[in-house]
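The values are calculated or read from the model by the stated rules, or taken from the named source; none is laboratory data. Predicted model only: the values in this text are computed from it and were never measured. Here Cβ is always computed from backbone atoms with ideal geometry, including for glycine, and neighbour counts include all displayed protein chains. These area figures cover heavy atoms from the full protein model, side chains too; ligands, DNA and RNA do not enter into them. Shrake-Rupley method; radii C 1.70, N 1.55, O 1.52, S 1.80 Å.
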Amino acid sequence: MKIPNYVNLILCRLAEAGHCGYPVGGCVRDTLIGKTPDDWDLTTDAPPEEMLSLFGDFAHPTGLQHGTVTVVSDGHAVEVTTMRRDGAYRDNRHPESVMFTNRIEEDLARRDFTVNAMALSPSGEAIDPFGGRDDLKNRTLRCVGAARVRFGEDALRILRLLRFASVLGFAIEPETARAAREKRELLQAVAAERVYAELNKLLCGDGVADVLLAFPDVLGVVIPEILPCVGFDQRNPHHCFDVWEHTARSVAAIPPRRELRWTMLFHDLGKPRCMTVDADGVGHFYGHTEISAELAEAIMPRLRFEKSLEAKVRMQLACFDDMFPPERAAVHKEMAKRGREATGDLLLTKLADNAAKAPEGLVRAQAPWRAAREVYDALVAEGACCTVGELAVSGADMEALGFCGRDVGAVLHKLLDEAAAEQLPNERAALLARAERLRRSGFGAQKQA
């Protein structure tokens, strides 16, 4: 099993000083399934103070109370943690104390899941006292020891379980799943930032639909707004799934970018609040997108969304109901109104939303949006003008024609509107001629008057 050279440098330095060191946890798991680890974590029998001495200026005390030192090796930051046993967990999150040990088996015994409780020996063999390799082979997530105890120690492990199931596409062993449900209320005490970090990864996993459908009761502890959607019959011929299954399927149907997957998670939250049934018994949800957006506005700050992500999700929800035909002028105008990126993402949400409706109408429902996407791609490829700054004329050009003050911006936006409507080419001569005609007609001054 190949260990990167920058990791071997640390292991060799520990060995020279008479200490053992082991790659441990996720890097071992990922290596065994043929995936390149994002980072490598090590455990050692060397106390943290000795690690600081061994590695000098390359060592940084990032968690001394838990025995963790970050060592920079050949430009890579590697967390090296002294092997330990954890004391009692009184807050369902952190051990009150840790006791250092020189036995790798004791260190592995405190970890969450068997697939994360493996280490690599100096010879490159897996140290696997809890059957992690078998669980990897069987694509199964199972707690180390008693699941209720593991989740009672640290409730965040419940969300980690769901995150790994989504990202790895693994099944959850029945007793582990049962314990996660029994202990789910403990998630209320977990910091929002930690919840948010796990949910971001969970939502971007390939197995997200299965996890959302299997564990809404667990996820509902941290996002209670989803619970009314579970099992809510839409009573509509376009929908063969309840609101929550439609939501889960639409999340999985969109590319795994955070802003897109959060948008699809939020987009129908308002449906249970605004359902009406007509004389034929058909359900309708007028205004549900606005209510969904209101619910999202409460959820995002509560989970400590970054402002940039919050803004992107807000933008997508605001334009979610935009409707336009798959024609150049219509798509171009949407691009000028919303921006290139937001329009491209809007088309992805349309396709994902329709992908999670009644299968018999799927081709018909998606056809106009696929056609609109083709038009959009063509406009992007040819560099179609979508902003005032991309016009072939400037504010200075408008001033030279005699416009001044707010009229300059007004005429530029008028030119953009006409270019986006495919009524005017984005060519300097054509734009100047059109602006001159507008000036002569009294466009700016007349508007102000």
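For the chain, what is the relative contact order in percent, using Cα pairs closer than 8 Å and at least 6 residues apart in sequence? Across the chain, relative contact order equals 8 percent. Determine which residues of region 233-252 fall in the zone a paramagnetic label at residue 277 would reach in this model, i.e. backbone nitrogen under 20 Å from the point 7 Å along Cα→Cβ. Residues 233-246 fall inside that zone. Oblate is the label for region 1-123, because a/c, from the alpha-carbon gyration tensor with a ≥ b ≥ c as root eigenvalues, is 1.5 or above and a/b does not exceed b/c.
If you take all other residues with their beta carbon under 9 Å from the beta carbon of residue 333, and give Lys and Arg +1 and Asp and Glu -1, the sum is -2. Extending 7 Å from Cα along the Cβ direction at residue 378 and again at residue 427 yields two label points whose distance is 1.9 nm. Hey, how many Å between the Cα centroid of region 34-75 and the Cα centroid of region 258-331? If we compute the Cα centre of each part, the gap is 45 Å.
Among 66, 332, 60, 238, the sequence by solvent-accessible area, most first, with a 1.4 Å probe is 238, 60, 66, 332.
Between the C-alpha center of region 352-368 and that of region 159-211 there is a gap of 29 Å. With contacts taken as Cα pairs under 8 Å and at least 6 residues apart, region 237-298 reaches a relative contact order of 27 percent.
Considering only alpha-carbon pairs that sit under 8 angstrom and 6 or more positions apart, the relative contact order computed for region 274-319 is 29 percent. Short to long, the 10 Å bins of the Cα pair-distance histogram for region 196-311 hold 14, 47, 31, 7, 1 percent of all pairs.
The peptide list 44-52, 315-323, 421-429, put in order of mean Cβ contacts within 10 Å with the highest first, becomes 44-52, 315-323, 421-429.
The listed residues 183, 350 rank as 183, 350 when sorted by accessible area, largest first, using a 1.4 Å probe.
To the nearest 10, the accessible area of residue 275 is 50 Å² with a 1.4 Å probe.
The computed semi-axes √(5λ) of the Cα gyration tensor in Å for the structure shown corresponds, within [x] 53, 34, 19; [y] 40, 26, 20; [z] 53, 30, 19, to [z]. Residue ranking by accessible heavy-atom surface, 1.4 Å probe, largest first, among 436, 310 comes out as 436, 310. Hydropathy at least -0.5 by Kyte-Doolittle, axial extent at least 30 angstrom from the Cα trace: which helices of the chain, defined as entire DSSP H runs, fit? Span-like helices here: none at all. Averaged over residues, the count of other Cβ atoms within 10 Å places the peptides 406-416, 223-233, 243-253 in the sequence 243-253, 406-416, 223-233, highest first. Counting every alpha-carbon pair across region 286-401, the share separated by more than 25 Å comes to 37%. For residue 164, the accessible area of its heavy atoms, probed at 1.4 Å with every protein chain present, is near 10 square angstrom.
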